[in-house]
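Beneath this line is the structure, given in structure tokens, with notes to follow.
Throughout, read-outs are computed from the coordinates displayed, never taken from laboratory work. All values reported here derive from a predicted model rather than from experimental measurement. When we count neighbours, we look across all protein chains shown, and the Cβ atoms used for this are built from the backbone with ideal geometry, even at glycine.
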Amino acid sequence: MKRVDIITGNAVPLLQANVDTDQILPKQFLRTISREGLAGALFFDWRFDETGAEIPDFILNQTPYRHASILIAGENFACGSSREHAVWALLDYGISCVIAPSFAEIFAGNAANNGLLLITLPKADVEALAAEAAGQSTDFRIDLPLQIITTPSGRELAFEFDAGTKRKLIAGLDAIGETQLHERAIAAFETQQNEALPWLSGSSAPGIAR
Amino acid sequence: MAGKTLYDKIWDAHVLASEDGRSLLYVDLHLIHEVTTPQAFEGLRSSGRSVRRPDRTLAVADHNVPTIGQANGVAAIANHDSRTQLQTLQSNVAAAGIEFFGLNDPRNGVVHVVGPEQGRTQPGMVIVCGDSHTSTHGAFGALAFGVGTSEVEHVLATQTIWQGRSRNMRIQFVGAAAPWVEAKDLALAMIGQIGTGGATGCVIEYAGEAIRALTMEGRMTLCNMSIEAGARAGIVAPDEVTFSYLRGRPGSPADSLRNQAELHWSQYFTDEDAVFDDEIVVDVSKIAPVVTWGTSPQDIAPVDGKVPSPTEFGDPVKAASVRRSLDYMGLTAGMPITDIRIERVFIGSCTNGRIEDLRQAAAVAGGRHVAPGVRAMVVPGSGRVRLQAEAEGLARTLIEAGFEWREPGCSMCLAMNDDRLEPLERCASTSNRNFEGRQGRDGRTHLMSPAMAAAAAITGHITDIRIFPS
């Protein structure tokens, strides 16, 4: 997993509420069996018309934002489908951090598992950051270890962040490897469940090749 | 000490470890499908890991399969990438020894229809699947939620998942539903009341007399839509309705263990003195059949209402979003909902693709015909549902009324296969999401119950089922 510590880059404001994962990554790109190569699919139906030409009104097609590293979004960002492809597409495009008043939960889990930094701030703060980002190609700086955003004007804004997710993002931990350290507890649970709930396991249970 | 909620009880029974405010939960059942698993199996291979509990994993082919010609197996899939995706699932599950219901297996179908009807979904379980509508299984008193592909890989390898504890929200449905007000209407009305992010961070327990009165199919429809309110999961305490549904299904406990299992399941209810973080009341008696007019499931109106005007919404951001939705949907503020003409109808999905849903559609369509210029599709939720509907004569009724009788799959709920709207086509749909482009680029979706969708197919416009000539 990609490690996260300090992110610098300009920001693109997209404050619409309830942007769903069908918009972030439309369904036709879910046929892939790879995690790679989804940058071109990001916000596809908003970026491109039926002929594949860019839609100039869409903000990612406008000059200062094309190479943005930070997305400033509206509330309940990435609601809807569980598709992790939405996170893969954002990262592949070059977005390393999304700042919003709130995020859908499945998306937040997916982001943490891929090193996409999500920062939750009060709506007024998000709107102020979006205003600072407007028309700017100047960099924001986001320091995860210190939990501070520095805006192009030099203003510093602290943010709260879950300690466990922070540790994982900074270390780039292998989540499965970490969990396997709990093997004894897992095995003990299984033994206990086999005895207490015999219909779930054993030769009469479903899922056993018969 | 305060009592426990149903959610607390399932949680506590599955915690293996806790750190940093998160807990490691054991997963009793892992449902998988072709779209969100290829990268997970690839991850296992590249790290030299194996599937820990193939016996607790069940695979189906649903999201990206054609709804005709399934007897031909993968050869029925015209698109190269889609075919590769299903073949990838087939080889992955074969290598891991995971049970798989492939195309043309009558047990195959939409994952959230198959799990319950096979008796795999049981009270008190923790169930995950790489699909947001996994909340469906909460209807049985299971803690069931959608996960991403990295989490699928984690569950395959360890049979566990890390979770932060959700808030407890209870939604009481009080009063009795009027005729033609179905579980779908309760779900949409609830989302309209609390908003599409209204239950973020929460597990919703659905309670009240109106919930007890629902069949298992109705409870599944309601729990299915929990994610559209932002909830981690939705859950209903199991009761005799649940137990009786489960008896005799292939994955249900054998007769010799049934009493023991039902006794175990009976402990999964919320204690009288348990305290919820949020309590919400929905007055069912005030709900009319519901239709969505916009591009979010929270954009609802009673069928006898009107398309709203952006100016009705004080918040300028909200007003702008309503304006955008109306523009996308091609609707005029103030027009009666029943004046909205439709060209397409979709009856199916994990929300409303079960036998009861098809019975309702057939009851409305019987002896009538789909309006000229309307294309109406019925996609049974599973092969079992399809066979049962054929045995009951529902398929014949629907076919004679001019509906297309398709083979099972997710189909036009997410339109990954060839079943999709053309640009600007308008659809009365029993699915769960009316997002922009959800059923096809520039397509326009109105969510509603199966009876309402069938009535729209007959008249060619959104129709108040309550005054539909019988």
If you average over every viewing direction, what projected area does the convex hull of the Cα atoms of segment B:20-117 give, in nm²? 7.7
Cα-only Debye scattering, chain A: base-10 log of I(q)/I(0) at q = 0.10, 0.14, 0.17, 0.18 Å⁻¹: -0.52, -0.85, -1.15, -1.26
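Please report, in debye to the nearest 20, how large the charge dipole of chain A is about its Cα centre when each Lys and Arg carries +1 at its beta carbon and each Asp and Glu carries -1 there. Walk me through the numbers on the way to the answer.
Numbers: 16 positive and 26 negative charges, 90 e Å.
Roughly 440 debye for chain A.
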Given H placed 1.01 Å from N in the peptide plane, which residues other than close sequence neighbours of B:GLY305 have an amide H under 5 Å from its amide H? B:ILE337
May I ask you to list the trypsin sites (Lys or Arg not before Pro) in segment B:47-91 that are in a DSSP loop and have at most 10 other Cβ atoms within 10 Å of their Cβ? none
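Give the relative contact order (percent, whole number) for segment B:300-415; include only Cα pairs under 8 Å separated by 6+ residues.
24
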Charge dipole of segment B:206-330 about the Cα centre (unit charges at C-beta), most positive-ward option of B:THR311, B:SER244, B:ALA233: B:THR311
Give me a comma-separated list of calculated 3J(HN,Hα) values for segment A:53-69, in order, Karplus coefficients 6.51, -1.76, 1.60 applied at θ = phi - 60°, integers in Hz, x for any Gly or Pro. 7, 5, 8, x, 5, 6, 5, 6, 8, 9, 3, x, 9, 3, 10, 5, 9
Whole-Hz Karplus couplings 3J(HN,Hα) for segment B:39-53, θ = phi - 60° and coefficients 6.51, -1.76, 1.60, Gly and Pro as x, run 6, 6, 5, 4, x, 4, 4, 5, 9, x, 9, 10, 7, 5, 10
Could you give P(r) for segment A:95-164, binned at 10 Å from zero, as whole percent values over all Cα-Cα pairs? 18, 54, 26, 2
With the contact rule set at Cα under 8 Å and sequence spacing of 6 or more, what percent relative contact order holds for chain B? 17
Rank B:GLN85, A:ALA187, B:ALA75 by how far each Cα sits towards the positive end of the charge dipole of the protein assembly as shown (+1 on Lys, Arg Cβ; -1 on Asp, Glu Cβ) and give me just the farthest. B:ALA75
Listed by chain and number, the lysines with an alpha carbon less than 21 angstrom from that of A:LYS2, same-chain partners under 8 positions apart left out, are A:LYS166, A:LYS168
Given Cβ charges of +1 for Lys and Arg and -1 for Asp and Glu, the option among A:LEU116, A:THR21, A:LEU173 whose Cα lies farthest towards the positive end of the dipole of chain A is A:LEU173
Alpha carbon centroid spacing (whole Å) that separates segment B:59-138 from segment B:268-289: 34
Below 8 Å, C-alpha to C-alpha, sequence gap of six or more: please give me the relative contact order for segment B:334-470 in percent. 33
Scan chain A and hand back the longest stretch that contains none of the GluC sites (Glu not before Pro) lying in DSSP loops with at most 16 other Cβ atoms within 10 Å. A:51-159
Förster radius 51 Å - calculated FRET efficiency between A:PHE48 and A:ILE6 (Cβ-Cβ, nearest 0.05): 0.95
Just check segment B:382-470 against the gyration tensor rule for me: Cα atoms, a ≥ b ≥ c as the square roots of the eigenvalues, rounded for a/c under 1.5, and otherwise prolate or oblate depending on whether a/b exceeds b/c. oblate
Can you tell me the equivalent ellipsoid semi-axes for the protein assembly as shown? Use √(5λ) from the Cα gyration tensor, largest first, whole Å. 35, 32, 25
Cut-off 12 Å, label 7 Å out along Cα→Cβ of B:ARG212, residues of segment B:242-261 by amide N: none
Where does chain B land on the Kirkwood hydrodynamic radius, alpha-carbon pairs, in angstrom? 22.5
Taking the alpha-carbon centroid of each part, what is the distance from segment A:93-127 to segment A:1-46 in angstrom? 12
Taking the Cα centre of the protein assembly as shown as origin and charging only Cβ (+1 Lys, Arg; -1 Asp, Glu), how large is the dipole, in debye to the nearest 20? 920
Hey, quick one: spin label on B:ASP105, modelled 7 Å out along Cα-Cβ, who in segment B:386-422 has an amide N within reach, i.e. under 19 Å? B:386-388, B:407-411
Where labels lie 7 Å past Cα in the beta-carbon direction, separation of A:GLU36 and A:ALA188 in nm: 4.3
Which lysines, if any, have their Cα less than 17 Å from the Cα of B:LYS318, not counting same-chain residues under 8 positions apart? A:LYS123
Per its Cα gyration tensor (rounded if a/c is under 1.5, else prolate when a/b beats b/c, else oblate), segment A:1-96 is best filed as rounded
If a/c stays under 1.5 just call it rounded; otherwise compare a/b with b/c (prolate if a/b is bigger, oblate if not). Do that for segment A:45-118, with a ≥ b ≥ c from the square roots of the Cα gyration tensor eigenvalues. prolate
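Just the C-alpha atoms of segment B:61-123: what Rg/Rh do they give, with Rh taken as the Kirkwood radius?
Values: Rg = 12.3 Å, Rh = 12.5 Å.
Ratio of gyration radius to Kirkwood radius: 0.99.
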Run the dipole for chain B about the Cα centre, Lys and Arg Cβ at +1, Asp and Glu Cβ at -1, nothing else charged, and hand back the magnitude in debye, nearest 20. 600
